[in-house]
Amino acid sequence: MEKNRRFLRFYDKNEYEELVPESDEKKKRPFPLFQKAYDEKKPLIDLIPPEKFGIGKKSFLDVINRRMSRRNYTEGSLTLEELSFLLWCTQGVKRTFKDIAGVLRTVPSAGAKSPFETYLIINRVEGVEPGLYRYISFSHKLLFVKSIEDAERKIGELTYDQMFVGKGAVIFCWVAIPYRTEWRYTILAHKFIAVDLGHVSENLYLACEAIDLGTVAIGYYEQKKFDALLELDGKDEFVVLVAPVGKRTIN
């Protein structure tokens, strides 16, 4: 356990100079793309743009005071506006910095390197067929990837038999592409990615609370099987956190 704590700690100056290698950024290597490529011939689903949101108007203090992990969901469907709101709040793109290779999103990220892709397992969203989707954040759209047979049971089993996870109307799956952060921060990147993930997860909690939905962050899942389900290589891109979202029961 002590060995695995290493990535949580930082370096003193003498350690930093001795142990941290020169970055690809300093070597003038091209910076990585901040959005994974996709087949642009495939149709995309338009999401509701943030300037047209009519939801999420609760006071900030009310949202903070009510925020909690919620594991019980009804059979109700999310609206497209609710899903759009959650996606914007967790990974929406506000601006890109072409000259310094970064992305300004609705959540902070070390060096604006934005190491995540958002995949969604959709069970119940009004007007959207169930299946696996990707959030194409630079255009605020959804890309259908594939259907998943018996998704509710499968996701429950892949999260160590936490069957409630599969019962979410939508299951958020954040996928890390570490090189986006490693390009600048080398061996320091992995702590920063973990910190970034906390920002994203908390934004989902707060966004859900603001529109009367429930969520909970799930760190227990079968890594290789989940990566395979999302068609990830498991080396340069892999699942780092899962979060079901649903209409919450009264509690």
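All of the numbers you see were taken from the coordinates with simple rules; none came from a lab. These numbers come from a predicted model, not from an experiment. Cβ placement follows ideal geometry from the backbone for every residue including glycine, while neighbour counts extend to all protein chains displayed.
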Inset, instruction - Arrange 74, 90 by Cβ neighbour counts within 10 Å, fewest through most, would you? - result: 74, 90
Legend entry - Long-range HN-HN contacts of residue 53 with modeled amide H, under 5 Å: none
Legend entry - By average C-beta atoms within 10 angstrom, highest first, the peptides 162-169, 230-237: 162-169, 230-237
Legend entry - Among 94, 41, 26, residue whose mean-square fluctuation peaks in a GNM of the chain (springs only between Cα atoms under 10 Å): 41
Inset, instruction - May I ask which residue of 164, 139, 151 lies farthest towards the positive end of the charge dipole of segment 127-173, with charges of +1 (Lys, Arg) and -1 (Asp, Glu) on Cβ and the Cα centre as origin? - result: 139
Inset, instruction - With an 8 Å cut-off on Cα pairs and a minimum separation of 6 or more residues, tell me the relative contact order of the chain in percent. - result: 26
Inset, instruction - Take the cross-link list 57/113; 28/225; 36/191; 36/225 and give me the ones stretching past 32 Å between alpha-carbons. - result: 28/225
Legend entry - Cβ charges +1 (Lys, Arg) and -1 (Asp, Glu), total dipole of the chain, debye: 440
Inset, instruction - Within segment 179-251, list the chymotrypsin sites (Phe, Trp or Tyr not before Pro) lying in a DSSP loop whose Cβ has at most 16 other Cβ atoms in a 10 Å radius. - result: 220
Inset, instruction - Please name which of 181, 239, 61 has its Cα lying farthest along the dipole of segment 44-247 towards the positive end, using unit charges on Cβ (Lys, Arg +1; Asp, Glu -1) and the Cα centre as origin. - result: 61
Legend entry - In order through segment 136-151: 3J(HN,Hα) via Karplus (6.51 cos²θ - 1.76 cosθ + 1.60), integer Hz, x for Gly, Pro: 8, 5, 5, 10, 6, 9, 10, 10, 6, 9, 5, 7, 10, 6, 6, 4
Inset, instruction - Would you please give the residues with an amide H less than 5 Å from that of residue 169, counting only those at least 5 places away or on a separate chain, with H modeled from the backbone geometry? - result: 245, 246, 247
Inset, instruction - Name the residues whose placed amide hydrogens come within less than 5 Å of the amide hydrogen of residue 96, ignoring near sequence neighbours (fewer than 5 apart) on the same chain. - result: 104
Legend entry - Taking 173, 89 and counting other C-beta atoms within 10 Å, the order from fewest to most: 89, 173
Legend entry - Karplus 3J(HN,Hα) series, Hz, for segment 69-80 with 6.51 cos²θ - 1.76 cosθ + 1.60 (x for Gly, Pro): 6, 10, 10, 10, 10, 7, 7, x, 8, 7, 7, 5
